[in-house]
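The values are calculated or read from the model by the stated rules, or taken from the named source; none is laboratory data. Please read all numbers here as calculations on a predicted model, not as lab measurements. Note that we place each Cβ from the backbone using ideal geometry, even for glycine, and neighbour counts take in every protein chain shown. Surface accessibility is based on the protein's heavy atoms, side chains included, excluding ligands, DNA and RNA. Shrake-Rupley method; radii C 1.70, N 1.55, O 1.52, S 1.80 Å.
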Amino acid sequence: MKFDEMDKMMRVYEESLDQYIIPGYRIVVRIDGRCFTRLTKQILKLKTPFDEKMRDYMVETVRHLIDCGFGIMYGFTESDEISLLFRLSDETFGRKTRKLNSILAGEASSVFSLQVGVPVSFDCRVIPLPNAEKVVDYFLWRQEDAHRNALNAYCYWTLRNEKLDERAATKQVSGLSVGEKNELLFARGINFNNIPAWQNGGVGIYRESYQKKGYNPLTGQAGKADRFRLKTEYNLPVKQEYAEFIKTLLMTDAQTCTSRSKINPK
C-alpha cells in the first residue's frame, strides 16, 4: 500500500472522535490540578488554609496561558483551578476540543512544574456556552464556588488547629449551614467577611489598555501610543457587580469582532 493511501486510511481512525466547537458558541476552558492536596500539604508544605505562594503560582500559570498562542481574553483562578474565556473570533486549531484540552493541560502542567520544582499535572475540559448570558452565569458560579470553598477551608483548618483529626473536622463542618459556619469562625475571633478578597472570590487576569509615552522619529515630536498589558485583579467585584464586569468584557470583545469584520469583510 502506498503511503498516501495508508495515511488517508489511518487518519479516519485518528480523527474519528474529533469534536469541534461550532461557530457562535463561546469557548470556556476549565483546568484543574491533579492530586493537589498531597502536593500542597505534603510536598510543598504550604500554609493553610491559604498560601500566597500557591496563589502566585496559579496567577503566573494563568498569565502564561493567556499569552501562549490562543485567543484568551480573561482568566480566573481559585484554589487549584483555572477558567479561561476565549474571544468569540478565536479559531485556533479549528476549535478542536482535543487540541484545546491537550495543549492547555500541557502548558499549565509544564509552567506550574517549573515554578515548584516537582512534576505536576492538570486536566482540562472545554465548555461550549451558547450565549453571553451563560458565560456570565458560568463565572458567577465559579466565584460562588470559590466563596464556599474558602468558608469550608477556614472552618476545617480552624478545627484542625484545635487538634481535631481529619475525619472529625470534616464531619463537623459538613453538618453546618452557611450561617453556622460563619458563627463557628466568629466565636474564634475570625470575621469571614474580612478575609482577603482573593481568598474569598478568586483572582482575575485580563488585558487592559494604557497609554505609553513615545517619540515619532518622522516628526521629532513626543506623543502617546495605546498599548495593552495583563492586569491581575486580586480584589474582584462580587455578585451583580462581578456579572457587570464580565458583561463589559464580553461587550468589548463583541464590538472588536464587529469592527474587524467591517474592516476585513469576507
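For Ala146, indicate whether it is more than 27 Å from Tyr25 (Cβ to Cβ) and either outside any loop (DSSP other than H, G, I, E, B) or open to solvent by 80 Å² or more (accessible area, probe 1.4 Å) (or both).
So Ala146 fails the test.
Taking segment 66-105 on its own, how many of its residues are open to solvent by less than 40 Å² (accessible area, probe 1.4 Å) and part of a helix (DSSP H, G or I)? Break it down into steps so the answer makes sense when it comes.
Step one: list which residues in segment 66-105 are open to solvent by less than 40 Å² (accessible area, probe 1.4 Å), which gives 66, 68, 70-78, 80-86, 90, 92, 95, 97, 100, 104-105.
Narrowing the set further to residues that are part of a helix (DSSP H, G or I) leaves 66, 92, 95, 97, 100, 104-105.
Residues in segment 66-105 being open to solvent by less than 40 Å² (accessible area, probe 1.4 Å) and part of a helix (DSSP H, G or I): 7 in total.
Output the residues belonging to segment 106-136 that are among the polar types (S, T, N, Q) and either farther than 17 Å from Ile22 by Cβ or part of a strand (DSSP E or B) (or both).
So the first thing to find is which residues in segment 106-136 are among the polar types (S, T, N, Q), and the list is 109-110, 113, 115, 121, 131.
Correct list: Ser109, Ser110, Ser113, Gln115, Ser121.
Checking the condition free of Cβ contacts under 8 Å to residues at least 40 places away in the same chain and either in contact with a Cys (Cβ under 7 Å, 6 or more places away or on another chain) or farther than 15 Å from Ser113 by Cβ (or both), which residue from Asp18, Asp7, Asp32, Asp67 passes?
Numbers: Asp18 fails: free of Cβ contacts under 8 Å to residues at least 40 places away in the same chain; Asp32 fails: free of Cβ contacts under 8 Å to residues at least 40 places away in the same chain; Asp67 fails: free of Cβ contacts under 8 Å to residues at least 40 places away in the same chain.
When all the criteria are applied, what remains is Asp7.
If I ask for residues that are part of a loop (DSSP other than H, G, I, E, B) and either loosely packed, with under 12 Cβ neighbours inside 10 Å or at pLDDT below 95 (or both), which ones from segment 166-211 would you list?
Start the filter on segment 166-211 by keeping residues that are part of a loop (DSSP other than H, G, I, E, B), which leaves 175-177, 187-191, 195-196, 202.
Within segment 166-211, Gly175, Ser177, Ala187, Gly189, Asn191 meet the criteria.
So which pairs qualify, if the first residue must be in segment 228-256 and under 15 Å from Phe76 (Cβ atoms), the second must be of a type in the set (S, T, N, Q) and open to solvent by 30 Å² or more (accessible area, probe 1.4 Å), the Cβ gap must be under 9 Å, and the two must be at least 6 apart or on different chains?
The qualifying pairs are Val238/Asn200.
Mind checking which residues of segment 32-51 are surrounded by 18 or more Cβ atoms within 10 Å (Cβ to Cβ) and β-branched (Val, Ile, Thr)?
Thr40
Could you list, in sequence order, all residues of segment 36-51 that are outside any helix (DSSP H, G or I), within 30 Å of Tyr74 (Cβ to Cβ) and free of Cβ contacts under 8 Å to residues at least 24 places away in the same chain? Even if it seems obvious, please write down each step before you answer.
Going residue by residue through segment 36-51, those that are outside any helix (DSSP H, G or I) are 44-51.
Pick out the ones that are also within 30 Å of Tyr74 (Cβ to Cβ) and you get 44, 46-51.
Listed by number, the residues that qualify are Leu46, Lys47, Asp51.
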